[in-house]
1. Mind listing whichever residues of the stretch 11-28 are open to solvent by less than 70 Å² (accessible area, probe 1.4 Å), more than 10 Å from the ligand (Cβ to nearest atom) and free of Cβ contacts under 8 Å to residues at least 24 places away in the same chain?
2. If only one of GLU60, GLU51 is open to solvent by 50 Å² or more (accessible area, probe 1.4 Å), of a type in the set (Asp, Glu) and touching a Ser or Thr at 6+ places or on another chain (Cβ under 8 Å), which one is it?
3. Residues in the stretch 79-92 that are more than 14 Å from the chain's Cα centre (by Cα), within 16 Å of the ligand (Cβ to nearest atom) and open to solvent by 30 Å² or more (accessible area, probe 1.4 Å): how many?
4. Just to be sure I understand, how many residues within the stretch 93-110 are under 15 Å from the mean Cα position of the chain (by Cα), surrounded by fewer than 22 Cβ atoms within 10 Å (Cβ to Cβ) and in a loop (DSSP other than H, G, I, E, B)?
5. Any idea which of (1) in contact with a strand residue (DSSP E or B) (Cβ under 8 Å, 6 or more places away or on another chain); (2) more than 21 Å from LYS141 (Cα to Cα); (3) of a type in the set (Ser, Thr, Tyr) is the one THR44 doesn't satisfy?
6. So which of GLY68, GLY8 ends up being open to solvent by less than 20 Å² (accessible area, probe 1.4 Å), more than 12 Å from the ligand (Cβ to nearest atom) and within 14 Å of the chain's Cα centre (by Cα)?
7. Among the residues of the stretch 111-136, write down those that are open to solvent by less than 80 Å² (accessible area, probe 1.4 Å), assigned to a helix (DSSP H, G or I), within 21 Å of ASP29 (Cβ to Cβ) and not small (Gly, Ala, Ser).
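The values are calculated or read from the model by the stated rules, or taken from the named source; none is laboratory data. A quick note: this is a predicted structure, and the numbers were derived from the prediction, not measured. Cβ atoms come from the backbone with ideal geometry, glycine included; neighbour counts cover every protein chain shown. Calculation scope for accessible area: heavy atoms of the full protein, side chains included, ligands and nucleic acids excluded. Shrake-Rupley method; radii C 1.70, N 1.55, O 1.52, S 1.80 Å.
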Amino acid sequence: MKILILHGPNLNMLGRRNPELYGSFTLDDLYEELVDEYPSIEFTYYQSNHEGELIDVIQESLDEDYDGLIINPGAYTHTSIAIRDALELVHFLKVEVHLSDITKREAFRQVDMINDVCDACFMGKKIESYFEAVEYILKQKENA
Ligand code: DQA
């Protein structure tokens, strides 16, 4: 099982951002927790503060044999038609994840450009949202 995990802008700053919304763990802590919890899954991680770089990685993933993509595009969730278009090209499982519940935050965060091009979305449970995303992919693969 191979899963690509993509993070957008400012998520490299986890641990220094508002802990009530995002938790007090760092992005490396998050990766470590996923590896500990799912030792048999091969995770590939990528974080960028740049929209085009995220799009390049999504495009490159098309030629890899991933079973799933978990993406937290950060603020690009609310603005990026370009990331949405790139995700439309992906034909393996795509899961949107957020640490916070964007449906209960400012109006501008309730705009979600990628929701309907992803297979599922988990949010509002900090690190647990990622576990739910992995569980979703495992379940879909089991039932396939
Ligand atoms: C976020 C929510 C976004 O609105 C915000 O810009 C982020 C993090 C989350 O995981 O809750 O950077 O995607």
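1. Of everything in the stretch 11-28, those that are open to solvent by less than 70 Å² (accessible area, probe 1.4 Å), more than 10 Å from the ligand (Cβ to nearest atom) and free of Cβ contacts under 8 Å to residues at least 24 places away in the same chain turn out to be GLY15, THR26, LEU27.
2. Values: GLU60 fails: touching a Ser or Thr at 6+ places or on another chain (Cβ under 8 Å).
Unique residue meeting the criteria: GLU51.
3. The qualifying residues number 1.
4. The total comes to 2.
5. Only one criterion is unmet by THR44, namely (2).
6. Just one listed residue meets the conditions, GLY68.
7. ILE127, TYR130, PHE131, GLU132, VAL134
Per-residue answers, yes or no, for (1) farther than 25 Å from THR26 by Cα; (2) charged (D, E, K, R):
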{"residue": "GLN59", "(1), (2)": "yes, no"}
{"residue": "ILE70", "(1), (2)": "no, no"}
{"residue": "SER100", "(1), (2)": "no, no"}
{"residue": "ARG109", "(1), (2)": "no, yes"}
